[in-house]
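The values are calculated or read from the model by the stated rules, or taken from the named source; none is laboratory data. Everything numeric here is computed off the predicted structure, so don't read it as measured data. Neighbour counts are summed over all protein chains in view; Cβ atoms, including those assigned to glycine, are modelled from backbone coordinates with ideal geometry.
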């Protein structure tokens, strides 16, 4: 055992001392970090200002109210998600934000605004938040109405107004109650809106679709009420008709359940499949190069004089396994750490997935990952032992990779569509693919019998593979000349080799 | 008691017999030469002694035990085909081999540092092996073989690839190891080294032993050769197998003389004196191991003199 550990330590140290290993190890944490930072600091700027001149005096308040309602709706949704995530609903069980993220009607949002809006809600919640929970960040309104910039007047007509705003609309930032913002839209509502005297809008070139739609819809709504009123309806009736909106009570399942259940629960296991593929292919190549180096550098004889071939083989597997485990721990650790410590894209994906995974599934995931790693690593090791050079190895490697990769890729597509379909289930019982298929299906729900059955089969398969690899390894290490043909290879596997 | 003993050992690779009924014994202490041309079966025999490969038949004892890695702590081995991990430092390499041979980390490091200094590699201690010259790499390999103070040091063609200076360094080291109590077994096809270093030798040809004994015993297998300077033809003298005139000067002839088996040069000198055979010159030629090898094995198994 001591020799196995010595070989393992050497293999580990040698790979860990390469630049390639560190690049691979750190790439995911860096990507996660960048995504967090990018999410926070490099978010495309959507905040902007608009100016509005309402010569009629009939639309201005409606437009401002609509934009504020929309802003508060977005904040209410985000705050509800925050409350759900940190389990803060108990602070005010009857509050609208206490029941999780969902779709909110205008009336609900209006009530929320009447109760003080997002600022008042957060003031209630903040004292009860756990210490490790980050504070909820209230985003400023996306669109802020600004006063007319200096030198712009609404007294000389629409054309003069447009001419005066031509420069600011080229991208200048103007003063708003929320600070300086780029001017995105200028709206001119004439005293009497008609086909000959339309509402005029000027943009800064960006689509600003939401803002334009909101302004247009509000003007249309007020116009409808006016038209109904003009047809003889009482003003309150006319306004009521114009405000008609389909009442919707949209119920969504809680996080980790319902239609998103499979996707959420499967996120981590599916990530493990990709992680397994990436780590095994990468470290497998390192292992391959290591064995070929030992063969081509003629140093095997020195080693085999002191330790048994089996010890060398197990040491390599252990060392490379430790490398794989290191990568797994660092990558998963980075993802989980990011999910638990900061808000961001990773947290949004990993947190619900973690919450949906039952404890036994972690053990199963680790087992399938390590078994898959061993199975593929041993194939690489055998190829390395059979090859005199990397060119030799390529000839063996290409078909082996294709045999592994292609069905796995097809299976992954199939699992996302139908986790318990015939193809993934059949793949689960083919030992070479069992780790991939079972990992991919774990999140969708597999029964205990399937887990235990495939687990037992996988264990037996790994043991048999280890015995066969041991024979190939022993027969190949000091072999010279061309790599063996099929009959030579089979002879090695049954132990009928010379040497 | 023999430290290495092969008894009727045979090794076949398919139809090819690499070692054929080989028996010999190496006594503990001293330097033992394992000689033979290329393909004579030297490396195969040593690999069997180290349990890297198994004999087809026959038995091997090493350190009084069966071959196996249990013996590794008492054995140092320098294979013919040598290599090192290119991306390991000199110190780590030697320590690694020391630890594989059962040394604890501290002892392995201490001994590695001593050998590094002994080999003049101190400034390369932390350098990657890939940065070393071939000669320096070979020193590292030798150090890795010796790091555990082996009771038995097996060197397979240790001088191949070394320049004359490093050959001398290695020769000195082998002598030093022997003086320190190690038994050194080295295989070579370069007879000069064997001649300078060994006490006893085994000669192999085509997998079979053709001689085992001391160098003098080996030389005794060859007919004596000498040069006589005389006026008369010495062919008729008792004990002479053949005499060929090699040259003449001032009325004296120079003769290359081969003696009959078992006749020593001194015996011939006595015959000349007894018969009043006039001699002006008498020079005995001591056969080299190369001559012995050619005589015993034949020119097709030529070695380097």
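Which residues, taken from the range A:409-430, are crowded, with 19+ Cβ neighbours inside 10 Å and not in a helix (DSSP H, G or I)? Listed by number, the list holds a single entry, A:419. Of all residues being facing another protein chain (nearest Cβ under 7 Å) and over 21 Å from residue B:186 (Cα atoms) in the range B:95-109, which is surrounded by the most Cβ atoms within 10 Å (Cβ to Cβ)? Just the residue, please. The selected residue is B:100. More than 28 Å from residue B:93 (Cα to Cα), modelled with pLDDT of 80 or more, in a helix (DSSP H, G or I) and under 23 Å from the mean Cα position of the chain (by Cα): is that true of residue A:277 in this structure? So residue A:277 passes the test. When residue A:310 is tested against (1) more than 9 Å from every other protein chain (Cβ to nearest Cβ); (2) crowded, with 22+ Cβ neighbours inside 10 Å; (3) within 17 Å of residue A:5 (Cα to Cα), just one condition goes unmet, and that condition is (2). Looking at this structure, is residue A:401 out of contact with any helix residue (DSSP H, G or I) (no Cβ under 7 Å at 6 or more places or on another chain) and either under 19 Å from residue A:276 (Cβ atoms) or assigned to a helix (DSSP H, G or I) (or both)? In short, yes. Annotation: residue B:92 fulfils all but one of (1) within 10 Å of another protein chain (Cβ to nearest Cβ); (2) over 23 Å from residue B:35 (Cβ atoms); (3) out of contact with any strand residue (DSSP E or B) (no Cβ under 7 Å at 6 or more places or on another chain); (4) in contact (Cβ under 8 Å) with a residue 12 or more places away in the chain; the unmet one is (4).
Considering the range B:128-141, the residues that are within 16 Å of residue B:89 (Cβ to Cβ) and more than 14 Å from chain A (Cβ to nearest Cβ) include one that is modelled with the highest pLDDT, namely B:131. I'd like the full set of residues that are surrounded by fewer than 16 Cβ atoms within 10 Å (Cβ to Cβ) and within 10 Å of another protein chain (Cβ to nearest Cβ), limited to the range B:16-44. B:16 - this is the single residue of the range B:16-44 that is surrounded by fewer than 16 Cβ atoms within 10 Å (Cβ to Cβ) and within 10 Å of another protein chain (Cβ to nearest Cβ). The set of residues in the range B:45-59 that are out of contact with any helix residue (DSSP H, G or I) (no Cβ under 6 Å at 6 or more places or on another chain), under 17 Å from residue B:204 (Cβ atoms) and more than 11 Å from every other protein chain (Cβ to nearest Cβ) comprises B:45, B:58.
If only one of B:144, B:112 is buried (at least 18 other Cβ atoms within 10 Å of the Cβ), in contact with a helix residue (DSSP H, G or I) (Cβ under 6 Å, 6 or more places away or on another chain) and within 14 Å of chain A (Cβ to nearest Cβ), which one is it? Quick ask: steps written out before the conclusion?
Working: B:112 fails: within 14 Å of chain A (Cβ to nearest Cβ).
After ruling out the rest, the residue left standing is B:144.
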